[in-house]
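The values are calculated or read from the model by the stated rules, or taken from the named source; none is laboratory data. Keep in mind that this is a model prediction, so the values were computed, not measured. For neighbour counting, all protein chains shown are included, and Cβ atoms are generated from backbone atoms with ideal geometry for every residue, glycine included. We work out accessible area using only protein heavy atoms, side chains counted, and drop any ligands, DNA or RNA first. Shrake-Rupley method; radii C 1.70, N 1.55, O 1.52, S 1.80 Å.
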Amino acid sequence: MNKVKVQAPSNIAFIKYWGNKKDNIPLNESVSMTLDNCLTKTTACFSDKDFDEIYIKNNSGEKTLLEKNDIKGKKAYEQIEIIRKISGKKNKLTIESENNFPTGAGIASSASGFCALSGACAKIFEINDLIGNKKEFSKLVRKSGSASAARSVFGGFVSLKDGGDGNYFAEQIADEASWKLTDTVAILKNSVKKTPSSEGHRLAKTSPFLNTRLSEVKKRLSDVKQAIIKKDFEKLGHAIEKDTISMHAVMMTSTPPLFYLEPETLKLIKLIIDARNKGTEAYYSIDAGANVHVICEEKNEEKVNKFLSELKFVKSQIINHVGSGIKFL
Ligand code: PMV
C-alpha cells in the first residue's frame, strides 16, 4: 500500500476538557457529540526523502508545509514518529491534510486533524490490530497534540475518561442513530485564535477557579450522560451552558487571562437565552474560540437557522448532525 486516505470528524464537547497534567493527560473526563459536517481528510504516502513532511491544504487548494516551531506542529511530527516506531517500519511519510471548515476558530480542528493524522499513519504502516480496536486506537490518538481527538474515533456521543491508571481512552455512550440533535455553528469570526488550546491547558493551573471547576464538573458529567441516555434535552442543554461558562471562567482567570469570547459572542449568548424564553429550544456551547455552537433537537433546526439568519453579525452557519467516527476511505 503506497497511499492511504482517512476522514475524521470534529466534535463538540458538552462537558469540556480544560487543563492537563504532563504528557497531555486531561484533568477531567469530557463528553462530546461527533459532528457530521466538520471533517478533516488526510492522505499519507511513503516518501523518497529522508524526512517527514506534513502539508496543510486551504480551501483554494494551496498547500503550506506545517512547521515544527509551535506546539501543535511539533506534536504532529512526533505522532508520526511514535506510530512509525510501533510499526517497526522505517519509511518517511508525506502527509496532506484538508479541513472543510475554518481552522483554529473554536470548531475543534485539532480534534479532527490529529485523529485523521493518527489514522492515516496507522493505516499506511499497516498496524491493523490497532485500527481494529477502537479503544486502543483512541489511547494512541489521545497522546497526540489534541487529547480531544480521541473522542473523534467514535461516532455518536462519546466520553474521554480515565481508565483508572491515568491512561485516558474514548468510549461511546450512545451511537449516532440514538438521538437526532443538531449543532449549528454560528460563524462570527473566521480569524485563527491567538492562543492554541495546548497553551491554554498549561495555563489552566494558574486560575484560582480551576479546583472549583474540577469538583463541580463531576455532577454535571453524570447529568449529561443521563440526559443522553434518557434523551432529556432540557437537562442536557442547561448542563452544556453551565459547562461552557465554567470553562471560560477558568480561561479568563488564568495568568495571563485568555479571552476567547468576543463582543459578538456575548451578544449571541444573550439572544439565544431570549429566544429560548420565547419558545426556541436551543442552547449555546463555546469552545476555545469566538464562534457559537447552537445545540437543538433536529425537529427545531429550521427555527434556529431562521433565527440566526436574521442576525447581521452572524457571517454564516455550519449545520451538523450527529456523525460517525473516523473512516478509512
Ligand atoms: O484536545 P485539545 O487540546 O484540542 O483541547 C480541547 C479543548 C476544548 O476544545 C476547549 C474542549 C474539549 O474538550 O473539546
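Assorted remarks:
- When the solvent-accessible area of the stretch 243-322 is split by element, carbon and sulfur atoms take up 56 percent of it, the probe being 1.4 Å.
- Residues L203, L266, ordered by accessible area of protein heavy atoms at a 1.4 angstrom probe radius and largest first, appear as L266, L203.
- Cα gyration tensor shape for the stretch 140-217, rounded if a/c is under 1.5, else prolate or oblate: oblate
- Centroid-to-centroid separation of the stretch 55-87 and the stretch 255-281 [C-alpha atoms, Å]: 34 Å
- Surface per residue (accessible, 1.4 Å probe) for the chain, Å²: 44 Å²
- Close amide-amide hydrogen proximity is noted between L93 and S47, D52, E53, each under 5 Å apart and 5 or more residues distant or on a separate chain (H modeled in the peptide plane; Pro and chain starts excluded).
- Cα pair count fraction exceeding 39 Å, expressed as % - the chain: 9 percent
- If the convex hull is drawn through the Cα atoms of the stretch 205-262, its volume per residue in Å³: 70 Å³
- Rounded percent of accessible protein surface that carbon and sulfur make up, the stretch 32-138, 1.4 Å probe: 48 percent
- Secondary-structure-derived ellipticity at 222 nm for the chain, considering helices only, amounts to -11500 deg cm²/dmol, per-run term -39500 (n - 2.57) for DSSP H runs with n ≥ 4.
- Of the residues N58, V31, A13, the one whose Cα sits farthest toward the positive end of the charge dipole of the stretch 1-89, with +1 on the Cβ of Lys and Arg and -1 on the Cβ of Asp and Glu, is V31.
- Of S118, A149, I86, farthest towards positive along the dipole that unit charges on Lys, Arg, Asp, Glu beta carbons give the chain: I86
- Flagged links, alpha-carbon separation over 31 Å, of K22/K194; K92/K327; K161/K303; K143/K205: K161/K303
- Sulfur and carbon atoms: percent of accessible area, the stretch 190-236 [1.4 Å]: 55 percent
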